[in-house]
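Please treat every number below as a calculation from the coordinates, not as lab data. These numbers come from a predicted model, not from an experiment. Using ideal geometry, Cβ is built from the backbone for each residue, glycine included, and neighbour counts are taken over all protein chains shown.
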Amino acid sequence: MKALRNLFDNIKPHVQKGAKFEKLHSTYDALETLFFVPNTTNKNGVHLRDAVDLKRTMAIVVMALVPALLFGIWNTGYQHFLALGQDASFWEMIGHGALKVLPIVIVSYGVGLGIEFMFAQIRGHEVQEGFLVSGMLIPLVLPVDIPLWMVAVATAFAVVIGKEVFGGTGMNIWNPALVARAFLFFAYPSMMSGDKVWVSGLAKGEGVVDGFSGATALGDAASGNMAKFAEGGAFDLWHSFVGMIPGSIGETSTLAILIGAIILIYTGIGSWKIMASVFAGGYVMGLLFNLWGANELMQVDALHHLLLGGFAFGAVFMATDPVSATRTEKGKWIYGFLIGFLAVMVRVFNPAYPEGVMLAILLMNTFAPLIDHYVVQGNIKRRLKRAKVAA
Amino acid sequence: MSEVIKIKRGLDIQLAGKADNVFGQAELPDLYAVKPTDFHGLVPKMAAKVGDKVKAGTVLFFDKYRPEIKFVSPVSGELAMVNRGERRKILEVVVKADGSDDKEQFGAANPADLSKEQIVEKLQAAGLWPFIRKRPYDVIANANETPKAFFISGFDSAPLAPDMDFVLSGQESALQAGIEVIKRLCDNVHVGVPNSAASKAFRNLQGVTVHSFEGPHPAGNVGVQIHHTLPINKGEVVWVTQPQELIAIGKLFSEGVYDANRIVVLAGSEVEKKGYYRTKVGASIAPLVKDNVKTDDKLRYVSGNVLTGTQVDADGYLGAYHSQVTVIPEGDYYEFMGWAMPGLGKFSASRSFFSWMCKKKEYRLDANMHGGLRSFVVSGQYDQVLPMDILPEFLFRAILVEDIDKMEQLGIYELAEEDVALCEFVCTSKQPLQATLRKGIDLMIKELS
């Protein structure tokens with residue numbers, strides 16, 4: 001520890017302003033602050049500061065994502081061997097999953113952080129920690145058979161167009177991880193939909209045991225295949241909740257996501273208001289569709305809707321991104337409710353692709369400033385009214 | 001008894017080093033300073049020269065743009081030096097006491113016999129006017145304005161703050177004398193008291209409206225109390241003063257002299273003999289802290305509390321409005337992987353450190369920033385600690401883009417730095433919010449005057 005500190009102290013003079021490697025200051029700073037919380041003290045204003053900082057905040061979100069990641073790794077292996085019709089031990093499943101999933105994580109972090117460092121360098125800023133979370137979110141919302149180069153291209157697009165053009169962390173309009181997913185969704189739809197991409201090996205045409213379909217639950221429902229939704233079927237409430245179903249890497253297990261949600265809510269880092277209202281919105285829309293019941297997707301139980309697809313993952317990890325969400329407390333209720341409502345609506349009405357969480361969140365990201373605007377106007381009006389009452 | 005106003009949002013920082021209600025003994029210092037930087041927006045012009053003999057109450061300097069506002073020496077002695085900063089800005093006007101107790105005589109008077117103008121004139125002549133401040137803006141009051149109320153917060157809820165009941169015990173009549181004076185300036189006098197304490201001195205005052213408050217800091221901030229009782233709308237002004245300043249105002253009329261005496265609390269985890277000390281406005285803190293602090297760490301001396309106070313040297317001076325001196329560790333160390341550690345001994349308003357598992361009663365906290373400056377990322381944090389119907393983040397954004405209309409609409413008139421100090425404390429992105437607010441206020445003053 002001491003040696004490391006000395007190493008940093010030795011390098012420091014060479015990357016200061018005016019020194020030979022001045023250009024590398026951001027990189028140096030990012031590494032130094034990674035290992036050591038800096039010795040800066042408060043000068044003006046408060047003399048004490050809360051111990052929490054952005055690194056801590058982001059680290060906790062990443063921690064909250066770990067259950068979903070671990071389950072995703074296991075489920076990748078589980079689905080793979082299920083498709084092949086082979087028996088495999090727990091560790092074989094984990095091994096297969098890890099081989100598939102970890103490279104995606106590594107590519108996402110490598111490309112994203114590389115670009116972040118570059119931009120910080122060019123701007124002469126400190127490297128901000130936002131991507132620590134995005135880098136983990138991106139792999140978890142992709143299908144497991146996605147080619148790695150696509151992950152790289154999408155990550156680069158998300159960081160540059162989704163974030164840096166707006167000014168970096170804290171300035172972006174849309175959730176960068178969803179921008180990455182949306183980019184792939186529209187640029188390479190064949191790799192992001194259908195019933196081949198969700199289970200590793202299927203896209204390459206590896207053998208499939210009779211009767212196995214790699215379609216997601218929503219895909220099956222859209223094509224009218226409702227048998228699996230019944231009690232005891234592959235997509236019954238229990239399986240959907242635990243997550244032993246095909247889908248994007250981290251989205252399938254509502255259980256693992258709930259563990260993350262508890263961490264986020266308990267630490268106060270994720271907004272429980274947004275999470276609760278997304279689920280409420282989805283449930284209400286689901287109930288309305290149940291009443292209507294015009295096709296099979298509409299007949300999916302409202303509660304079941306909340307467990308399928310990316311709904312829970314979107315509600316807990318995507319909608320709650322504080323930068324792209326509404327920033328007023330009242331706004332959070334409206335924002336969350338509309339995300340849930342629209343997600344199920346798009347899911348049911350979209351003829352090409354039976355999922356709507358991503359689009360609902362991106363749409364509400366766009367409207368979040370508008371919602372905030374009205375909440376702020378409400379506050380202003382209250383203040384003006386007070387003046388008139390007094391006068 | 002009036003209704004109790006419950007403040008729900010806020011935060012009590014459990015800082016170690018609270019002083020017991022005892023008086024400590026310390027000699028009065030030789031050096032005293034009046035610091036123009038304590039008064040926002042003041043451009044000082046010297047009235048005395050280095051080497052001049054002064055008495056307690058002799059004018060040292062005045063406001064260049066409002067020459068009737070004068071700043072006086074707290075003690076008799078000699079003007080020893082004028083410490084200047086960049087571009088010869090006057091930072092400290094230092095008086096060396098000669099030990100005698102010579103005082104300028106302003107003449108005792110019954111405030112009931114004087115007109116408002118005469119009272120203002122007397123307060124200004126004796127250098128007490130700067131202790132009457134106004135909201136909005138938290139600057140020295142303008143005698144030409146008519147305030148809608150006079151507001152005094154009867155308690156201080158900041159970390160390690162003095163217990164006003166203890167400070168004021170035995171001074172009830174002086175307090176009432178002060179009330180009689182300010183009632184001549186504005187008949188509508190309000191006092192905020194804590195529901196939990198006796199606050200006899202305040203509850204027994206004649207001719208004032210008493211409001212009880214309950215809840216965490218910043219319930220004791222006068223701005224918060226005003227917001228919940230007579231909120232300031234555009235064009236309205238409320239004057240404020242602090243209890244010990246009110247006593248000085250009372251004594252000017254009952255005894256005819258400038259009374260610089262103050263009782264300050266000396267607190268903080270690094271102080272050996274914590275307690276209350278009798279000293280004077282602008283006194284050097286050296287006699288209080290010399291041989292009275294733990295010496296193994298680098299220390300930070302703060303005149304005032306840890307949220308809003310001013311950093312001073314170990315031989316620095318007490319700020320004009322302060323009745324507290326706090327000593328905490330400086331904390332200029334590198335912490336290995338600090339952001340990743342469980343953080344059992346760390347204090348955070350969030351539950352992101354494991355300190356929630358073993359809640360300590362008191363934390364020994366230092367002045368380390370615990371991170372670097374970042375953009376606004378986390379939302380809703382400020383709302384948790386600002387108990388007003390104000391959207392702080394949107395106000396700060398309006399200030400940063402210098403949108404005067406928005407600043408006004410979003411309630412900048414109701415805020416002073418002390419009100420947003422807790423926002424600054426909890427801010428994950430380590431934003432300098434008090435400085436930002438002051439920048440906005442300065443802009444408002446410049447554009448609207």
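Structure above, values below:
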quantity: Förster radius 30 Å - calculated FRET efficiency between A:ARG386 and B:ASN142 (Cβ-Cβ, nearest 0.05); calculated: 0.80
quantity: Choice from B:GLY24, B:GLY256, B:GLY371 showing the highest fluctuation, given a GNM over chain B with Cα pairs closer than 10 Å; calculated: B:GLY371
quantity: Percentage relative contact order, region A:271-377, counting C-alpha pairs under 8 Å, at least six apart; calculated: 32
quantity: Alpha-carbon centroid distance for the pair region B:259-288 / region B:380-407, whole angstrom; calculated: 35
quantity: Cα convex hull of region A:81-221, projected area averaged across orientations, nm²; calculated: 9.6
quantity: Chain B: calculated mean residue ellipticity at 222 nm from DSSP helix runs of at least 4, using -39500 (n - 2.57); calculated: -6000 deg cm²/dmol
quantity: Region A:203-314: translational diffusion in µm²/s, Stokes-Einstein, Kirkwood Rh over Cα pairs, 10 °C, 1.306 mPa s; calculated: 105
quantity: Calculated SAXS-style log₁₀ I(q)/I(0) at q = 0.15, 0.26 Å⁻¹ - region B:369-449, Debye, Cα scatterers; calculated: -0.48, -1.36
quantity: Chain A: most fluctuating residue of A:ASN365, A:ASN42, A:ASN225 per GNM, C-alpha cutoff 10 Å; calculated: A:ASN42
quantity: Of B:VAL34, B:VAL401, B:VAL22, the one that fluctuates the most in a GNM where chain B has Cα springs shorter than 10 Å; calculated: B:VAL401
quantity: Cα convex hull of the protein assembly as shown - mean projected area over all directions, nm²; calculated: 39.5
quantity: Between region B:194-242 and region B:320-379, the alpha-carbon center distance in angstrom; calculated: 30
quantity: Proximal lysines to A:LYS20, defined as alpha-carbon separation beneath 27 angstrom and excluding residues fewer than eight positions away on the same chain; calculated: A:LYS2, A:LYS12
quantity: Protection proxy ranking of A:375-388, A:180-193 - average other beta-carbon atoms within 10 Å, highest first; calculated: A:180-193, A:375-388
quantity: Peptide A:376-383, shielding by other chains (average Cβ, 10 Å cutoff); calculated: 5
quantity: Of the trypsin sites (Lys or Arg not before Pro) in region B:316-420, those whose Cβ has at most 13 other Cβ within 10 Å and which sit in DSSP loop; calculated: B:LYS359, B:LYS360, B:LYS361
quantity: Pairs beyond 21 Å (Cα-Cα), from B:LYS35/B:LYS430; B:LYS406/B:LYS446; A:LYS23/B:LYS430; B:LYS35/B:LYS134; calculated: B:LYS35/B:LYS430; A:LYS23/B:LYS430
quantity: Under 12 Å from A:LYS196, Cα to Cα: aspartates and glutamates that are on another chain or at least 8 residues apart; calculated: A:ASP145, A:GLU206
quantity: Percent of beta bridges antiparallel (DSSP, the protein assembly as shown, rounded to nearest 5); calculated: 65
quantity: Anchor A:LYS332: aspartates and glutamates whose Cα lies under 18 Å away (excluding residues fewer than 8 positions away in-chain); calculated: A:ASP321, A:ASP372, B:ASP383, B:ASP389, B:GLU393
quantity: Sites matching trypsin sites (Lys or Arg not before Pro) across region B:233-279 that sit in DSSP coil, with at most 14 neighbouring C-beta atoms within 10 Å; calculated: B:LYS234
quantity: For region A:216-269, alpha-carbon Rg and Dmax in angstrom; calculated: 13.5, 42
quantity: Residue-averaged [θ]222 nm for chain A, counting only DSSP H segments that reach four residues, each worth -39500 (n - 2.57); calculated: -20500 deg cm²/dmol
quantity: Relative packing of peptides B:379-386, B:13-20 - highest average C-beta neighbours within 10 Å first; calculated: B:379-386, B:13-20
quantity: Number of partner chain Cβ atoms within 10 Å, mean per residue of B:429-435; calculated: 4
quantity: Global geometry of chain A, whether rounded, prolate or oblate, following the gyration tensor of its Cα atoms and the 1.5 cut on a/c; calculated: oblate
quantity: For region A:223-268 versus region B:25-40, the gap between their alpha-carbon centres in whole angstrom; calculated: 67
quantity: Tail beyond 11 Å, pair distance distribution of region B:169-214 (Cα, percent); calculated: 65
quantity: Mean Cα-pair separation over length for region A:91-224, i.e. relative contact order, pairs under 8 Å, 6 or more apart, %; calculated: 23
quantity: Gyration tensor verdict on region B:31-97 (Cα atoms; rounded if a/c is under 1.5, prolate if a/b is larger than b/c, oblate otherwise); calculated: oblate
quantity: Global form of region B:308-388, assessed from the alpha-carbon gyration tensor, a/c cut-off 1.5; calculated: prolate
quantity: Approximate shape of chain B as ellipsoid semi-axes (Cα gyration tensor, √5λ), whole Å, largest first; calculated: 33, 27, 23
quantity: Relative contact order of region B:293-446, defined on C-alpha pairs under 8 angstrom at six or more residues apart (%); calculated: 19
quantity: Net charge contributed by nearby residues that have their C-beta within less than 11 Å of B:GLU145 (K/R +1, D/E -1); calculated: +1
quantity: Extent along principal axes [Cα atoms of region A:271-377; Å; largest to smallest]; calculated: 41, 23, 21
quantity: Inter-chain shielding of B:362-369 (mean C-beta neighbours from other protein chains, 10 Å cut-off); calculated: 5
